[in-house]
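**Q** Take this structure first; my questions come after.
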Amino acid sequence: MNDKIKIIAGLIIFVAICLSPFFMGLGSDSNKGPDPVISETAKKKGKCILEKTEMAKQHMVILDQWRNSVVRDAQRVYTTKDGKRFDMSLSNTCLDCHDNKKEFCDRCHDYASVTPYCWDCHINPKEVK
Amino acid sequence: MKNNRRDFLKIAGVAAIGAAVKPATSAYAIGEQFVPEGQAENKSSVKKATKWGVVIDTNKLTKELMHKISKACHLEHNVPDEKNIENEDHRNPNHEIKWIWGEEFKHAFTDKTDRYLADKFEHIEIPVLCNHCVNPSCVKACPTKATFSREDGIVLMDFHRCIGCRFCMAACPFGSRSFNFKDPRPGIKKHNKKFPTRMKGVVEKCNLCAERLAVGKNPVCMEVSEGAITIGDLENETSDFRKLLKDNYTIRRKQSLGTEPSVYYIV
């Protein structure tokens, strides 16, 4: 039982080392999350098809629904809950307002480490001739 | 009602089965998600038909016109061309992708060719494209339902779902389908920004300009064909389109195979 102090000291050092990344990160802004930029065009347009927080959560589901309705049913007009109408098109509706894919789409996707394969086919009008 | 241990155990047992079955059944119920009812609709300008069909008047065709049609279609749909690939080592004629193209009569109509064929067929190329069959063998072959028959007769592809197995290419007796052996984008010189490209590992074919019909436009081939290509509703008896079929003798490709092509050729 004479090693009690050594054991406790060792444990404290061990826990401190384990938690050190958290403490060291406290002051810095290395973990402040993604910071997508709403482009000027989008700001001017005002509202998206849903609230901002809902869009962040739901956009992938909505895009999935859009693609099925467009491809399978040829239904191309989407009516939002408050009665506004939009063409269901990623390249031509979403990117019309959000014309900064790099600062908008990619920033979050990179942060979350997701690589959606939308862009393998769908064109970012700014990137192609 | 008097509760005793036996009744409680019975109810608990049934409830446990129910709780176990529910997630299992809902796992099977996962399907494609569509936009909720009432939130999606057609464009008001949409062109509709009960069964879409195509009539091609070979008398109005020339080789030059055929090339023009093919080029216009391929530009509209971002179909790559091997010639556009900068690195010549990456070009491969076997990787060619085609939606509509010209074919010699004997190749287009393998069962109708003859030793002494009418002279005019020596000078033209027959436009061949997806036949949008009524009994499409490609649809039967597709394991993922990426290729499907739409109610209005168009055989369409959902490129999102294509896994590139190429069963459809083996099944199609008309060779109407092409496979993207490589990323198609280097082969596209000028993009149509209104239409997506495809990716490596996906099959593609003519979609009868479903994306244009949906917004009330005619297919590109029809627009540039100077009257040689007409599309219309096969089941509308009073239409000008049906009149074309009534007034002229038409043939279809490989009719004996029973896929019932919807593309008719006036010869």
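**Q** Among DSSP bridges having both ends in chain B, what percentage is antiparallel? Round to the nearest 5.
**A** 80
**Q** Please work out the FRET efficiency for the pair B:Lys190 and A:Lys52, using the Cβ-Cβ distance as r and a Förster radius of 35 Å; give the result to the nearest 0.05.
**A** 0.45
**Q** Which residue fluctuates most in the GNM of chain B (Cα springs below 10 Å): B:Glu86, B:Glu32, B:Glu103?
**A** Result: B:Glu32 has the largest fluctuation of those listed.
**Q** Looking only at B:Asn59, B:Asn131, B:Asn87, which one moves most when chain B is put into a Gaussian network model with springs between Cα atoms under 10 Å?
**A** B:Asn87
**Q** Which entries in B:Lys68/B:Lys194; B:Lys51/B:Lys205; A:Lys52/B:Lys22 show an alpha-carbon gap greater than 30 Å?
**A** Correct reply: A:Lys52/B:Lys22.
**Q** Further, regarding this structure: Which one, A:Thr41, A:Leu90, A:Asn68, projects farthest toward the positive side of the charge dipole computed for the stretch A:40-121 from Cβ point charges (K/R +1, D/E -1)?
**A** About the Cα centre, the residue reaching furthest to the positive side is A:Thr41.
**Q** Add +1 for every Lys or Arg and -1 for every Asp or Glu among the other residues with Cβ under 14 Å from the Cβ of B:Pro261, and state the total.
**A** +4
**Q** For B:Ser239 and B:Ala118 in the same chain, what is the full-extension length gain: residue separation times 0.36 nm, less their Cα-Cα distance, in nm?
**A** Using 0.36 nm per residue and subtracting the Cα-Cα distance, I get 40.5 nm.
**Q** Continuing with this model, one more query. Would you calculate, for chain A, the mean residue ellipticity at 222 nm contributed by helices, counting each DSSP H stretch of 4 or more residues as -39,500 (n - 2.57) and dividing by all residues, to the nearest 500?
**A** -16500 deg cm²/dmol
**Q** Continuing with the same structure: Taking the Cα centre of the stretch A:40-121 as origin, work out the dipole magnitude from +1 charges on Lys and Arg Cβ and -1 charges on Asp and Glu Cβ, in debye rounded to 20.
**A** Roughly 300 debye, rounded to the nearest 20.
**Q** I've got another one for you. Between B:Lys217 and B:Glu32, what FRET efficiency follows from the Cβ-Cβ distance if R0 is 25 Å, with the result rounded to 0.05?
**A** FRET efficiency, B:Lys217 to B:Glu32: 0.40.
**Q** Also: Given the options B:Ala228, B:Ala171, B:Ala15, which has the most mean-square fluctuation in a GNM of chain B, springs set between C-alpha atoms less than 10 angstrom apart?
**A** Greatest mean-square fluctuation among the candidates belongs to B:Ala15.
**Q** How high is the FRET efficiency between B:His90 and B:Lys145 when r is their beta carbon distance and R₀ equals 35 Å, given to the nearest 0.05?
**A** So, using R0 = 35 Å, E works out to roughly 0.60.
**Q** Taking the Cα centre of the stretch B:52-266 as origin, work out the dipole magnitude from +1 charges on Lys and Arg Cβ and -1 charges on Asp and Glu Cβ, in debye rounded to 20.
**A** Roughly 560 debye, rounded to the nearest 20.
**Q** Can you pull out the trypsin sites (Lys or Arg not before Pro) in the stretch B:45-154 whose DSSP state is coil and whose Cβ has at most 13 other Cβ atoms within 10 Å?
**A** Passing sites in the stretch B:45-154 are B:Lys48, B:Arg115, B:Lys145.
**Q** Now a separate question. When only DSSP loop residues count, what GluC sites (Glu not before Pro) in the stretch A:1-108 have their Cβ near at most 12 other Cβ atoms within 10 Å?
**A** Listed in order of number, the matching sites are A:Glu51.
**Q** Once you list every other residue whose beta carbon is under 10 Å from the beta carbon of B:Ala146, what net charge do they have if Lys and Arg are +1 and Asp and Glu are -1?
**A** +1
**Q** Which whole-number percent of Cα pairs in chain B have a distance greater than 31 Å?
**A** 36
**Q** Is the shape of the stretch A:40-121 rounded, prolate or oblate, going by the alpha carbon gyration tensor and its root eigenvalues a ≥ b ≥ c, with a/c under 1.5 for rounded and a/b larger than b/c for prolate?
**A** Taking the square roots of the gyration eigenvalues as a ≥ b ≥ c, the stretch A:40-121 is oblate.
**Q** Under a point spin-label approximation (7 Å from Cα along Cα-to-Cβ), what is the B:Lys200-A:Leu19 distance to one decimal in nm?
**A** The answer from the label model is 4.8 nm.
**Q** Now for a different question. With runs of 4+ DSSP H residues as the only contributors, calculate the mean residue ellipticity of chain B at 222 nm using -39,500 (n - 2.57) per run, divided by the residue total and rounded to the nearest 500.
**A** The per-residue figure over chain B is -7000 deg cm²/dmol.
**Q** Shifting gears a bit: Could you give the length gained on full extension between B:Lys22 and B:Asp183, defined as 0.36 nm per residue of separation minus the Cα-Cα distance, in nm?
**A** Stretched fully, the B:Lys22-B:Asp183 segment lengthens by 53.7 nm.
Coordinate-derived values only; no laboratory data. Since the structure is predicted, the reported quantities are computational estimates derived from the model, not experimental observations. Don't worry about glycine lacking a Cβ; one is built from the backbone with ideal geometry, like all the others, and counts go over all protein chains shown.
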